[in-house]
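Below: the structure, in structure tokens.
Read the figures in this text as sums done on the coordinates, not as results from a lab. Since this is a predicted model, take the numbers as computed values, not measurements. Glycine also receives a Cβ, built like all others from the backbone with ideal geometry; neighbour counts cover every protein chain displayed.
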Amino acid sequence: MFHIMHCTKKKLAFCFSIAIITIFAALIVCMILAQRDLLVESRKQSLQIYANEKAFLVNSFLENQKEKLATIAALDDFQEVALNPNDSIKIEAAKRKILELKRVLPGIAVLTKEGIIIVSETNPAGTDYSFLPQFPVTDSSVVTFVRYYDQVKKRDFYAIGGPLHDPADSSKVIGVITFDVALDNVGDLMTAAEAGDTNEVYLIDSTGLLLSKSAYVGKNDKSGVLLQEVTSDGAKACLEDLKKYGEDTFIEKHEEIVPRYLNYMGTDVFGAHAYVPEIMGCVLAEESVEEVSKVSMFSYIKDIFTKEIQNEN
């Protein structure tokens, strides 16, 4: 009888131990999962902050180009040649001013309201751009960015163009002035600062076309700048928002989420997006779900050991 009772107590103790171990293990798993979720959310927030920072850099850069355009649009030589497009003296004065400024503002050109070159650094007088949707300009026309490929320089540019106003009547437009911004200068802003924890950050235009260098270029037959079209859910969501809110709206006001989707390489990622209204484009910052999960678990375990070491000391 005593032997039977002794066995029963041993079984109860064993069962109790197993139950305690199971509960403890379950608590550990729950803690790990909860901590992982917190760390994943932290990484996603970091992605959004990084995307916002990059978009702010690009928007600020483009705004700065608009300010430069406003400065040269106020110069007498350019206003005078727009008012007198057939005056050889005015044309020569405008040419000298273009040569003077070419190192800091390449590709300056003065055009008629209809889009005909009057004087330019790169194009001969009479070159006709009237087929572009920006022409003819009116008194309500604004600054625009038009991307194009220079056959001579073998480079892609944004031609930034805006109205020239009559010095006697600032409400009257008398022509157009433009200069060039190399696309590389815009795309390089994606890597101008430290990459942080992101795997990939890149810029796309209003059609989803890649505008900046990508870590994926050359992998799995993926193309590159101005060749690769990004059609991921993250890119679509950003471009749809741009169309919905418009470039004159303070888009950053509306709340963003950092969704999970397959990027254009087919990788499972968390992706944040931010807006570049000046060119109706988007910045996308992405990090692979696998890497985020690995880092999260590693961070949690490392944190446990770090605390244990600190407690022992």
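Here the dipole of the stretch 74-184 is about 360 debye; that uses its Cα centre as origin and unit charges on the Cβ of Lys and Arg (positive) and Asp and Glu (negative). The mean sequence separation of alpha-carbon pairs under 8 Å and at least six residues apart, normalised by the residue count of the stretch 74-184, gives a relative contact order of 26 percent. Charge tally around Pro167: other residues with Cβ under 12 Å, Lys/Arg +1 each, Asp/Glu -1 each, net -4.
Arranged by the count of other C-beta atoms within 10 angstrom, fewest first, what order do Val292, Val283, Val40 take?
On the way: Val292 23, Val283 28, Val40 18.
With the sparsest Cβ surroundings first, the list reads Val40, Val292, Val283.
Taking trypsin sites (Lys or Arg not before Pro) across the stretch 76-108, the ones in a DSSP loop with at most 12 further Cβ atoms lying within 10 angstrom of their Cβ are Arg103. When each of Lys54, Lys243 is scored by the number of other beta-carbon atoms lying within 10 Å, the sequence from fewest to most is Lys243, Lys54.
Decide, for the stretch 74-184, between rounded, prolate and oblate: order the square roots of the alpha carbon gyration tensor eigenvalues as a ≥ b ≥ c, take rounded if a/c falls under 1.5, and otherwise choose prolate if a/b is larger than b/c, else oblate. Because a/c hits 1.5 or more and a/b fails to exceed b/c, the stretch 74-184 counts as oblate. Taking each residue as 0.36 nm, the span from Glu100 to Lys68 lengthens on full extension beyond its C-alpha to C-alpha distance by 10.0 nm.
A simple count of charges around Leu69, restricted to other residues whose Cβ falls under 13 Å of its Cβ and scoring Lys, Arg +1 and Asp, Glu -1, yields -2.
Think of each Lys and Arg Cβ as +1 and each Asp and Glu Cβ as -1; about the Cα centre, that makes the dipole of the stretch 128-201 roughly 280 debye. Distance between the pseudo-spin-label points of Glu240 and Asn86 (7 Å out from Cα toward the beta carbon): 5.5 nm.
Taking the beta-carbon count within 10 Å as an exposure proxy, list Arg155, Arg260 from fewest neighbours to most. List each step's numbers first, then the result.
Values: Arg155 12, Arg260 15.
The fewest-first ordering by Cβ neighbours comes to Arg155, Arg260.
Computed from phi, the 3J(HN,Hα) profile of the stretch 161-169 under the Karplus parametrisation 6.51, -1.76, 1.60 (θ = phi - 60°) reads x, x, x, 9, 9, 5, x, 8, 8 Hz, with x in place of Gly and Pro.
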